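Heads up: the structure comes next, in structure tokens.
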Amino acid sequence: MNVDSNSKQKLPAIVFDIDGVVHKGPELVGDSPHVVTSLFNEGYGVQKNKIPFVFLTNGGMKTEDEKAK
């Protein structure tokens, strides 16, 4: 998909919240393993169509000190 920088066309992208969506504590949530794995398989839409995606977190209810341990 080629779009010049002056285009106003909207492109798809996916943003995943990690905490409570992909995992909750040490446990994976629902079908998240399948969804995350499919992002990296070329046969699925995200890689096949080069849809960008990112994983974000708000810290997972832990302080900086707890995360550093």
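The values are calculated or read from the model by the stated rules, or taken from the named source; none is laboratory data. All values reported here derive from a predicted model rather than from experimental measurement. Note: areas computed on protein heavy atoms with side chains; ligands, DNA, RNA excluded. Shrake-Rupley method; radii C 1.70, N 1.55, O 1.52, S 1.80 Å.
Quick notes
- Exposure of residue 28 as accessible area (Å², to 10), given a probe of 1.4 Å and all protein chains: 110
- Residues whose amide H comes within less than 5 Å of that of residue 53, counting only those at least five positions distant or on another chain, are 14 (H built at 1.01 Å from N in the peptide plane).
- Amide H contacts under 5 Å for residue 23: 29, restricted to partners 5 or more places along the chain or on a different chain, H placed in the peptide plane at 1.01 Å from N.
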